Amino acid sequence: MVGLSGEGRKKHLKVTSSAIINIYVQPLSSCAMAQVKAAEKQVKVAEKQAKAAEKIKKAVLEDPFDYTPKKMVGWYDARQLLGTAVKTVISSVFGSYSDKREIQACLAKPDTYDYSHLNEAWVDYMSDTGDGFHSTFTMANLLSEPEREVGGYPTFKGDILILGGDQVYPVANRNDYKNRFRGPFDSACRHQYEQQKAANKLFEKEHHVFAIPGNHDWYDGLSNFIKIFCQERTIGSWLTKQQRSYFAIKLPHNWWLWGIDIQLEADIDHPQLQYFDKIAAKKMQPGDKVILCTAEPSWIFTSRNNDKTYDNLKFFEQRYIVQNGFELVVTLAGDLHHYAHYALTENGKTYHKITSGGGGAFSHPTHNLKDELKLREGKFKLQATFPTKAQSRLMALRTLIFPWFNLQFAAFMGFFYLLFAWLLQENDHAFVTIINQYPLDLNGFLNYTNHVLNIILFSPFMVFFIGLAIFGVTKFTDTKSSRTPFLWLLGLVHGCVHILNGFLLIRLCSSLAFSMEISLWRQIGVLTVALFVAGGLTGCIVMGTYLFICNLVFRIHDNEAFSSFKYSGYKNFLRLHITAEALSIYPIGVERTAVWKKEGKIYHPDQKVKTKLVDEVITIKTKKYEEAPQSVPVLTHNGY
């Protein structure tokens, strides 16, 4: 039914209905009754599939709803920083008291999603999308293509699309879901439909999408996530099927795909544990292979300071997969916006942990990833990364031009230095006049410093202001990403450098302004403008230099450093192919995303979107085959 045209469905329903009538007019033996029930069930399934296909077709044919394409999120914009901080605090404090997963469990029946009748299945996996329009549209367009050859291998659009968390940035409100996720996906599918129509290649087929929530999806307590993914709506050419924020999918040839919801790194709720317990007990057999999808790569976080998230994941794996005799061969996660593949080979079998978070958000570095992870299961070795470690280090140089990418933050720093100068003037009304009497040499600078320190020490508010500034900058230090002691000292030095920078700028800018032969008010105006511009520029340079040194030397601030320049390249997704012989995973990467311009119903890129394999094709044989056939590539440890 999935591949039938509209006329084909009608004919199929007519034939099936005739079969039921013929059965009813005959004596109803037990065999005939069974046939009747089977035929009735088949008609109901066919009708449901026909309605779903029509729903998808209608959604694709309709013009995408009104939305506003957005630029990449400016994480250092003042309003963005404040808004995200507030949302994070609210979700962290109240999330445990209003866990919507328990409400889901009451309202939605537990269900599994069965695709085991397929001879083969294609599954796409992408995570961390819904950021800037161009990067999100590029990836949605790739997922929408009916087929694409990558590295010499023909691959096809997934029967199922798995979204691995953080479907929208920066927070999960209705407008961001509309403008940053739904809009680009709907437009990309409409674009693909028009292209296939022009090429006379239309093929009507039903595709489904499943999603697990990441931390950004949880910032509104899952309210919008549930509306979009748990109510059988369409997203482009995909139909949502899940009823809860977690799911179990039965795939062909004894493969299962489980998606779990970890709720802001906290826990796994009891109804969810019961759900997987029942599936394991009633619907699975020992030896079944499991692909586990979780919202974050907690195995990478084991090197962090006091991070226990991997303990929660390990408990779930042991209790619900390993102890039941199932085989966990692949764990997939997003959250980090790069590709990283770790593998452990033991007793002739290889186990994989893959991070694939390249769905559209800014790129994360890979050069700080450990070459080997010492986990409870053994030593997992790094096989490949995208971008490569060398490319990642080159990208880090962009932090040195921090002001270019963060004009709002530059304005904030300029205002900070103006406020600093104003407070000094307020405590000593002759401050500017006196400091301009000191010559611009070492002696003059020492006298200037002594004068400023006298003002500060005799002003409790100035002591509080400077102390608060240094404390805030020190708390900004990323002490969680490393077990290196005393990292907070880097933040302390960083804060002190900003204060010293303020001292120096006030002296130089006042000297410049009051050396001009103009009126006093104009001199004050020049001083204000000069201090604001120079403060914004130098303050950002101090911040960028700090992030650069910390990231390359001390291996911290991955998130803060790389979000500062919002690079939209190095995107990736996974395409899984399940056959009777093996599971093959194609890691597909895009080095540069395109800029798209709309003309009518078609979008035109400024450059051809080139894809490539960023790792060797990963092959895992089914339990029926002792070794993969030669036609299927085997895992090769690739250099990184």
Quiz item: Across the range 353-401, what is the total count of residues that are assigned to a helix (DSSP H, G or I) and in contact with a Gly (Cβ under 9 Å, 6 or more places away or on another chain)?
Solution: 5
Quiz item: Of the numbered conditions (1) of a type outside the set (D, E, K, R); (2) open to solvent by 20 Å² or more (accessible area, probe 1.4 Å); (3) under 26 Å from Gly544 (Cβ atoms), Asn447 satisfies every one except a single condition; which is it?
Solution: (3)
Self-check item: Condition met for Ala469 (farther than 30 Å from Ser563 by Cα, without any contact (Cβ under 8 Å) to a residue 60 or more places away in the chain and assigned by the TED database to the domain that holds His557)
Solution: no
Practice problem: From Phe548, Phe514, Phe532, grab the single residue that is open to solvent by 20 Å² or more (accessible area, probe 1.4 Å), outside the structural domain of Thr136 (by the TED database) and touching a Phe, Trp or Tyr at 6+ places or on another chain (Cβ under 8 Å). | Solution: Phe532
Exercise. Kindly indicate the residue of the range 552-573 that is over 19 Å from Lys71 (Cα atoms) and touching a Pro at 6+ places or on another chain (Cβ under 7 Å) and also least open to solvent (accessible area, probe 1.4 Å) among those meeting that condition.
Key: Asn572
Practice problem: For residues that are without any contact (Cβ under 8 Å) to a residue 24 or more places away in the chain and assigned to a loop (DSSP other than H, G, I, E, B), scanning just the range 282-328, find the one that is farthest from the chain's Cα centre (by Cα). | Solution: Gln323
Quiz item: Which residue out of Ser144, Ser127, Ser135 is of a type in the set (Ser, Thr, Tyr), at pLDDT 90 or above and touching a helix residue (DSSP H, G or I) at 6+ places or on another chain (Cβ under 6 Å)?
Solution: Ser144
Quiz item: If only one of Gln242, Gln196, Gln231 is assigned to a loop (DSSP other than H, G, I, E, B), open to solvent by 10 Å² or more (accessible area, probe 1.4 Å) and not hydrophobic (A, V, I, L, M, F, W, C), which one is it?
Solution: Gln231
Quiz item: Could you say which residue among Glu591, Glu581, Glu599, Glu517 is closer than 30 Å to Asp124 by Cβ and modelled with pLDDT under 90?
Solution: Glu599
Self-check item: Within the range 612-633, considering residues that are polar (S, T, N, Q) and at pLDDT below 90, the one nearest to Ser356 (Cα to Cα)
Solution: Thr622
Quiz item: Can you name the residue in the range 104-124 that is touching a helix residue (DSSP H, G or I) at 6+ places or on another chain (Cβ under 9 Å), open to solvent by 20 Å² or more (accessible area, probe 1.4 Å) and in a helix (DSSP H, G or I) and, of all such residues, is modelled with the highest pLDDT?
Solution: Cys106
Practice problem: Please find, among Phe461, Phe431, Phe412, the residue that is outside the structural domain of Ala78 (by the TED database), over 30 Å from Lys308 (Cα atoms), open to solvent by 80 Å² or more (accessible area, probe 1.4 Å) and in contact with a helix residue (DSSP H, G or I) (Cβ under 6 Å, 6 or more places away or on another chain). | Solution: Phe412
Exercise. Kindly establish whether Thr350 is out of contact with any Gly (no Cβ under 7 Å at 6 or more places or on another chain) and either modelled with pLDDT of 95 or more or open to solvent by less than 10 Å² (accessible area, probe 1.4 Å) (or both).
Key: no
Self-check item: Answer from Leu504, Leu490, Leu576 - the residue that is outside any loop (DSSP other than H, G, I, E, B), open to solvent by 10 Å² or more (accessible area, probe 1.4 Å) and either touching a Leu at 6+ places or on another chain (Cβ under 8 Å) or within 30 Å of Arg393 (Cα to Cα) (or both)
Solution: Leu490
Exercise. Identify all residues within the range 135-172 that are in contact (Cβ under 8 Å) with a residue 24 or more places away in the chain and assigned to a strand (DSSP E or B); write none if there are none.
Key: Arg148, Val150, Tyr153, Thr155, Phe156, Ile160, Leu161, Ile162, Leu163
Exercise. Test each condition in (1) surrounded by 23 or more Cβ atoms within 10 Å (Cβ to Cβ); (2) at pLDDT below 90; (3) not polar (S, T, N, Q) for Trp255 and report the one that comes out false.
Key: (2)
Practice problem: Among the residues of the range 216-258, write down those that are of a type in the set (A, V, I, L, M) and in contact with a strand residue (DSSP E or B) (Cβ under 9 Å, 6 or more places away or on another chain). | Solution: Ile228, Ile235, Leu239, Ala248, Ile249, Leu251, Leu257
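The values are calculated or read from the model by the stated rules, or taken from the named source; none is laboratory data. Given the structure is predicted, the values throughout are model-derived calculations rather than measurements. Please note: Cβ atoms are built from the backbone with ideal geometry, for glycine as well, and neighbour counts cover all protein chains shown. Surface areas here come from the heavy atoms of the whole protein model, side chains and all, with no ligands, DNA or RNA. Shrake-Rupley method; radii C 1.70, N 1.55, O 1.52, S 1.80 Å.
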